[in-house]
1. Among the residues of the range 25-67, which ones are under 26 Å from the mean Cα position of the chain (by Cα) and closer than 17 Å to residue 233 by Cβ?
2. Of everything in the range 1-19, what is outside any helix (DSSP H, G or I) and either within 19 Å of residue 201 (Cα to Cα) or within 24 Å of the chain's Cα centre (by Cα) (or both)? Give them in sequence order.
3. Here are 94, 150, 121: which of them is closer than 25 Å to residue 203 by Cβ, under 20 Å from the mean Cα position of the chain (by Cα) and at pLDDT below 90?
4. In the range 22-49, what count of residues is obtained for those that are more than 21 Å from residue 77 (Cβ to Cβ) and exposed (fewer than 11 other Cβ atoms within 10 Å of the Cβ)?
5. Mind listing just one residue for me: the one in the range 75-87 that is touching a helix residue (DSSP H, G or I) at 6+ places or on another chain (Cβ under 7 Å) and buried (at least 23 other Cβ atoms within 10 Å of the Cβ) and, of those, modelled with the lowest pLDDT?
6. Limited to the range 20-65, what total is found for residues that are farther than 30 Å from residue 262 by Cβ and in a loop (DSSP other than H, G, I, E, B)?
7. Among (1) touching a residue at least 12 places away in the same chain (Cβ under 8 Å); (2) surrounded by fewer than 23 Cβ atoms within 10 Å (Cβ to Cβ); (3) at negative phi, which single condition is residue 217 missing?
8. Cβ contacts < 7 Å: first residue without any contact (Cβ under 8 Å) to a residue 40 or more places away in the chain, restricted to the range 103-114; second residue part of a helix (DSSP H, G or I), any location; separation 6+ or different chain. Result?
């Protein structure tokens, strides 16, 4: 059975993929739907939702369209999730691969370095890094990447430790290939499946982290995101519930979709382990 057929058998994963594609479409077409941007004041402040067709989700504390903020916020939240995850993979994958392949003092040093970062609570470290670097999109991506790479390094190390003992690796060594070429051409390609599954879950975690930082006032004040919308509405949550409700629902749906996709990818890429676990 092909990968896509196995993936399609997981209905939750298919639903998650549809939702994610919808969110991506919203992010792409946001400038066409609202060419004036999300910062434009279009009505009186605190306009309740569903009172005006032009602004179905109402307005915020400054009279800005909440729906426009949601559409533009999808762009930022997805970008933060993807960029920070890519940065974390660029750190974690090489470090874990070198530790697992060479072993000895390389493995010992890399794992002690990884454990140092894991002893610090992720969210606390992210807050400190963003506060030191000043809140901006780049500092948020950097902070999320720094707190996200240790699990990647450990996963890749474990996979490489398993793969490096296979017969085809011994055959490559006998053929005279260098260690680095064996690692890049023969070992790492066979660890891609678990990395892809973990990456899909990391994107969801990054979106939650960015939202949490923005809620605390550590988001980029010049960029509209779902977390920024919730953070800006925290002082009026009792009188204007919709300002935090709709961005919160958007975050929940997107994160749930990514987790469903991660589960579907795991089932599709590891069909034997999935059947064994369910039997």
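1. 38, 39, 66, 67
2. Start the filter on the range 1-19 by keeping residues that are outside any helix (DSSP H, G or I), which leaves 1-2, 9-10.
10, the sole residue that qualifies.
3. Working: 94 fails: at pLDDT below 90; 150 fails: at pLDDT below 90.
Just one listed residue meets the conditions, 121.
4. Residues in the range 22-49 being more than 21 Å from residue 77 (Cβ to Cβ) and exposed (fewer than 11 other Cβ atoms within 10 Å of the Cβ): 1 in total.
5. Let us first name the residues in the range 75-87 that are touching a helix residue (DSSP H, G or I) at 6+ places or on another chain (Cβ under 7 Å), namely 75, 77-78, 80-85, 87.
With buried (at least 23 other Cβ atoms within 10 Å of the Cβ) added as a condition, the list becomes 77, 80-81, 84-85.
Details: 77: 89, 80: 92, 81: 92, 84: 95, 85: 95.
Among those residues, the one meeting the criterion is 77.
6. From the range 20-65, those farther than 30 Å from residue 262 by Cβ are 32, 34-37, 39-56, 58-65; that's our starting set.
Right, trim to in a loop (DSSP other than H, G, I, E, B) and you get 34-37, 39-40, 42-51, 53-54, 56, 58, 60-63.
Going through the range 20-65 one residue at a time, the tally reaches 24.
7. So the condition that residue 217 fails would be (3).
8. If the second residue must be part of a helix (DSSP H, G or I), the pairs left are 106/98; 106/99.
The values are calculated or read from the model by the stated rules, or taken from the named source; none is laboratory data. No experiment lies behind these values; they were computed from the predicted model shown. Note: ideal-geometry Cβ built from the backbone for every residue, glycine included; neighbour counts use all protein chains shown.
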